[in-house]
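S.K.: Quick one: the structure is below, questions incoming.
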Amino acid sequence: MSGVLVVFAKRPEPGQVKTRLCPPFTAEQAAAFYACMLEDVLETSARAARALGLEPVLAVHPPEAASTLPAPAGLRREPQLGADLGARMEDAVLRELGAGRRPVLLRGSDSPTLGLATLEAALEALAKSDLVICPDRDGGYNLVGLVRAVPGLFSHPMSTDSVLADTLARARLGGLTHSLLPAAFDVDGAADLALLAAVRARGEAGDCPRTLAWLDRHGWPT
């Protein structure tokens, strides 16, 4: 049985997504921006998953939005289940591994420049490690992959600057070997918009046309 690429996503609801972009965005703008970013990420992920022999999966919060969130055809939809983000991540990983699908790659929906090359590198790393992580610039990560897992791997606060360190500490306690990929970035705050602009200027923004077009329309630096 082949592995899976699971995209963790939220319903683009004002006040519930990209709140660290408010200001400079309004809550309505932040939700519209996230919707564009999510559409780009889902399309890129579905295409990359098929190229790599993975099944694309969309995991949605809140759970009742799993059947209604727009997504490309062919993605298996699953609700995110758990009291917090760490619990929902663990549930998704253990559910997929428990069904015999491995490796499991789990990515966020706010890293629009993360594409095929990074996913391919993650699979290569998992040939020699139990766990692979792509760090981001704020102490967290935007991609995690596993061929086996231990309960409690994500049982720590997930919105801190020590998320990566905490996850690696729990991995070592559980006997998991790990590899780290070159760092990438999420688009969480205003400083990340400038970072996206710099990446775009170098021609390295990847396949995120809706994200960039939304920023262009609204006059934000890209």
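Rule-based calculations on the coordinates, nothing more; no lab input. From a predicted model like this one, the values you see are computed outputs, not experimental measurements. Glycine also receives a Cβ, built like all others from the backbone with ideal geometry; neighbour counts cover every protein chain displayed.
S.K.: Compute the helix-to-body angle for 116-125: its Cα long axis versus the longest principal axis of the chain, expressed 0 to 90° and rounded to tens.
M.R.: 20
S.K.: Around ARG102, under 9 Å between beta carbons, what's the net of Lys plus Arg minus Asp minus Glu among the other residues?
M.R.: Details: positive: ARG101, ARG148; negative: GLU96.
Around ARG102, the charge tally is +1.
S.K.: Let me ask something else. So how much slack lies between ALA213 and GLU13, counting 0.36 nm per residue of separation and subtracting their Cα-Cα distance, in nm? Numbers along the way, then the final one.
M.R.: Details: separation 200, 0.36 × 200 = 72.00 nm, distance 2.01 nm.
So the extension gain works out to 70.0 nm.
S.K.: Counting only DSSP beta bridges with both residues in segment 4-217, tell me the antiparallel percent, nearest 5. Before the final figure, lay out each step's value.
M.R.: Values: 9 of 27 bridges.
Counting DSSP beta bridges with both partners in segment 4-217, the antiparallel share is about 35 percent.
S.K.: Follow-up question, since we're still on this one. Nearest 10 degrees is fine. How inclined is helix 190-201 to the longest principal axis of the chain, computing both from alpha carbons?
M.R.: Tilt relative to the chain: about 90 degrees.
S.K.: When the chain is modelled as a GNM with alpha-carbon springs shorter than 10 Å, which of ALA46, ALA194, ALA31 fluctuates the most?
M.R.: Highest fluctuation of the listed residues: ALA194.
S.K.: Relative contact order (percent) for the chain, with alpha-carbon contacts under 8 angstrom and 6 or more residues of separation?
M.R.: Details: 421 pairs, mean separation 49.1, N = 222.
Once divided by the residue count of the chain, the mean separation gives 22 percent.
S.K.: Nearest 10 degrees is fine. How inclined is helix 27-51 to the longest principal axis of the chain, computing both from alpha carbons?
M.R.: That works out to roughly 50 degrees.
S.K.: Counting each pair of different Cα atoms once, what's the Kirkwood radius of the chain in Å, rounded to one decimal? Before the final figure, lay out each step's value.
M.R.: On the way: mean 1/r = 0.0572 Å⁻¹.
Computed over Cα pairs of the chain, the Kirkwood hydrodynamic radius comes out at 17.5 Å.
S.K.: Relative contact order of segment 100-150: what whole-number percent is it, with Cα pairs under 8 angstrom and at least 6 residues apart?
M.R.: Values: 58 pairs, mean separation 23.2, N = 51.
That works out to 46 percent.
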